[in-house]
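Only the coordinates and a few stated rules stand behind these numbers; no lab work does. Being a predicted model, the structure only gives us computed values, none of them experimental.
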Amino acid sequence: MVTVDLHELRLKPGAMVLDAGCGSGRHLRALAKLPGLKIFGIDRNPSDVENAIKAVKEMPDAASDDFSVTCADVTRLPFADEFFDCVICSEVLEHIPEHNAALKELASAG
């Protein structure tokens, strides 16, 4: 279930979008249906990262194939500050004991 209304975000082609805590890729798949986005996903679970990559690659209706998914910690993102135009982090923070550090890191990423 996609928990973000992506159309309300009004993402333009070329926008850089991060799904922090992407799991097996539900939001990544939805983002891949929008043309021209540069999509990034991170998750701490290596098997979720593998599943997300596979899920997006196998999409027959993908409008964007510019994506990267990697294993990373949301409290220490491997990206420069203000790298993203949009950051999605849905149903993740309740699983992170250091949620204040995660929020600070996410706010500086976008």
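Mind pulling the angle between the C-alpha long axis of helix 46-57 and the longest principal axis of the chain? Nearest 10 degrees, somewhere in 0 to 90. The angle comes out near 20 degrees. Computed from Cα atoms, the angle from the helix 99-109 axis to the main principal axis of the chain rounds to 50 degrees.
Across the chain, Cα-Cα distances exceeding 24 Å account for 16% of all pairs.
Straightening the chain between Cys71 and Arg44 buys 9.2 nm, computed as 0.36 nm per residue apart minus the Cα-Cα spacing.
Which whole-Hz ³J(HN,Hα) couplings does region 6-22 yield from phi under the Karplus relation 6.51 cos²θ - 1.76 cosθ + 1.60, θ = phi - 60°, glycine and proline marked x? Result, ordered by residue: 5, 5, 5, 6, 6, 6, 9, x, x, 5, 9, 10, 10, 9, 8, x, 5 Hz.
Taken as Cα centroids, region 47-68 and region 81-110 sit 22 Å apart, rounded to the nearest whole angstrom.
Starting from the amide H of Phe67, placed 1.01 Å from N in the peptide plane, find each other amide H under 5 Å away whose residue is 5 or more places distant or on another chain. Under 5 Å from the amide H of Phe67 lie the amide H atoms of Ile39, each far enough along the sequence or on another chain.
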